[in-house]
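S.K.: Here it is: the structure, laid out below.
Any read-out appearing in this document is the output of simple, stated calculations on the displayed coordinates, not a laboratory observation. Please read these numbers as outputs of a predicted model, since none were measured by experiment. Cβ atoms come from the backbone with ideal geometry, glycine included; neighbour counts cover every protein chain shown.
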Amino acid sequence: MKKTLIISLAFWLIGLVVGYIAIVGPVDLVQATDSDTASTTVIIGNATPTITVNTITSPVTLTENSTVTAFATSTVADNNGCDDIESVTAVFFDDNAANNDCAADGQNCYPVASTTCTATVGSCTGGSDTEEQYTCSVSVLHYTNGGTAPDWRWYLSAGDGDATGTQTSNEVTIADLLALDVTEPAIDYSTLSLGATSTQATTTAKNTGNHNDLSVGIQESIDFACTLGTISSSQQHYATTSGFSYGDGTALAATSSSPTQLDTAIAQGSDGSTTPSQPIYWLLVVPNGVSGTCNGQNYFEAQNNT
Amino acid sequence: MIFTKNLIKISFAIFFLSFLIIPFITKAGFGLSPGIVDIKDALRGSSFEKVFIISRSNPDTDLLITVKTLGDTAEWFQFDRGNKFTYPAGEKQFPIKCVVTIPKGTPNGVYNGEIRFSGSPQGTDNSSGASVNIAMGALASITVGVTDQENKSFRLVGLQVDKAVSGEALIVALTIENTGNVDIQPGHLIVDLFDKFHKTQLASFTVSKFEGWAKVQSSGKILAKIPWIIPEAGNYWAEVSVFDSQNKFITKENLPFNATAGSDLSILPGASNKILYFILGGLGVLIIVLIIMFLISITTLRDRQSKELAEVTKNLIKLVKEKNNGKESKSKS
């Protein structure tokens, strides 16, 4: 009996030893292979990073008097390992009006600093991993050049401190934005008596889109109705010249007709501090047959310059 | 007395005819994109979608939008929201879809029209005073060229790896902009695959089956499944050449990508697959060895027990025999 137990234990011990060798042996072997160090010194040359544009926002649709964000995602590969990649920068530019080393210009050039080209968390795992994902973003202004044709491009640069790889993206379309704003919330004709001509009121139309030479159409959109009676739209006259005489202005188009285009167009914006604008001056003569308080609405329309 | 009466009359007249302008509380611009629509080579009898986006930098109130189509193309544009709808407060951009239908009998040629988008502020009260408020809108110019010839053309906007997992097929995603007049996919792709250093070619495939379409007047995401089973996780390069349906070369892109591990082995962070396979293999061997050892020891134990039992039985028989022999000799004596 005792002998039998000894033999069984011996078998189990042999099994455990064989199992241990089966598991640990190969692992040790792999680890040993991985951790072998050579006594010789090797200087590894620097590999230039390559950058590939993956996705771009196209078309970019602008927002009136505001900004929108456009993106470019890319993959940077560096054969020295992705840890070697130091930074990515970009230039978003209008290929018709600028080039990839342009200076910042709201109409046609947006240099993008490395601070707004960020690496995707976890996309570089270090060690032998050679690739890392980056996303560059830019706030595009409302007066940025646009149109129906794809004219814009991203120029991306990836650097590792010693060398820089670059790539230019496919074309991006920035759509045209037909937009205006009128600074004043209402036209103030002040207090008037029958037959009197108002003092000159002013409205200011601004080009808050990206059309060059924006036209403005004007008409009455809600009847100028008083407590008693209605003032005809043609009693309101307007002009783009200050100090105009009542008879020299343009009579406001009626609700039933189409807006009348102003004779002066408004230029495209070119810097963030000033929005191109056109003052429009107003005069009103109150006809007989009305009394009380009056409410109306005038309509300002952004139009293509034809 | 007469002077006083006249003064009162004049005062009343001025009072009743006065215009007291109370500033209107709504104040926001109005933007329309695109403001110029130029559709070239629209196929006679076809329908496609077009999206307009109205924008406001300061959308603090609801805005009632009225749409009016004008000119040759007036009947061709049908808006999914109808011709009167509300642009809600809080949204800087508000998309409006419309279906453009080119009537079957339209002769080839260029047609012009306009679409008026006019806004009228809502939720404001005009009843307490006199005012000439201001409303804004925009007028889009429409040009449509009509043809009876199909035009299959596109341009590549973006290319990326949609899915790269070891042990599975590589899936590439193309974003293409349809510049023709029928829904479109690429004709075929030639995909050459390289190692992580972009030096050694691993495989090459031609792919002509795709998932997804780019519809007329829009962009679309097209997926291509490359019949290459990614051997292991790591970095690779793909050179992708894109061709149209007439086998005309469109563009070529070099695409580095990273394939992730394809099994649950990745739950052990930082461990390479090689080591994991060794550990699992070793465990397998250990289990097999233990089972064999167990069976051998059981068999050996049984043999021993049988032998011992036989010996005990033999001894017992011998003992009984000896006892019986002792009894017989006693009775004889």
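S.K.: Quick one: what do you get for the range A:50-168 if you divide its Cα Rg by 2.2 N^0.38 Å? Please report the intermediate quantities before stating the final value.
M.R.: Working: Rg = 14.9 Å, N = 119, 2.2 N^0.38 = 13.5 Å.
Dividing the Cα Rg of the range A:50-168 by 2.2 N^0.38 Å gives 1.10.
S.K.: Follow-up question, since we're still on this one. Starting from the Cα of B:ARG44, step 7 Å along the direction of its Cβ; do the same at A:ASP223; then give the gap between the two resulting points in nm.
M.R.: The modelled label-to-label distance comes out at 4.7 nm.
S.K.: Quick one: of B:LYS163/B:LYS252; B:LYS199/B:LYS221; B:LYS163/B:LYS199; B:LYS196/B:LYS248; B:LYS40/B:LYS215, which pairs are farther than 26 Å apart, Cα to Cα?
M.R.: B:LYS199/B:LYS221; B:LYS196/B:LYS248
S.K.: If one takes the longest principal axis of the Cα atoms in chain A, at what angle in degrees, from 0 to 90 and to the nearest 10, does the Cα axis of helix A:2-35 lie?
M.R.: 50 degrees
S.K.: A further question on this structure: For the pair B:LYS252/A:THR264, report the inter-label distance in nm, with labels modelled 7 Å from Cα in the Cβ direction.
M.R.: 5.7 nm
S.K.: Between B:SER306 and A:THR116, with labels modelled 7 Å along Cα→Cβ, what's the label distance in nm to one decimal, could you check?
M.R.: 8.8 nm
S.K.: Taking every pair of Cα atoms in the range B:154-262, average 1/r, invert it to obtain the Kirkwood radius, and report Rg/Rh to two decimals. Spell out each step's value before the answer.
M.R.: On the way: Rg = 13.8 Å, Rh = 14.0 Å.
Taking Rg over the Kirkwood Rh, I get 0.99.
S.K.: By how many nm would the segment from B:PHE294 to B:LYS215 lengthen if fully extended, with 0.36 nm per residue of separation less the alpha-carbon distance?
M.R.: 21.6 nm
S.K.: Okay, which of the range A:162-176 sit inside 16 Å, backbone N to the point 7 Å along the Cα-Cβ direction of A:ASP101?
M.R.: A:164-168
S.K.: Test of understanding: extend the Cα→C-beta vector of B:SER245 to 7 Å, then name every residue of the range B:165-199 with backbone N under 17 Å from that spot.
M.R.: Inside the label zone: B:176-189.
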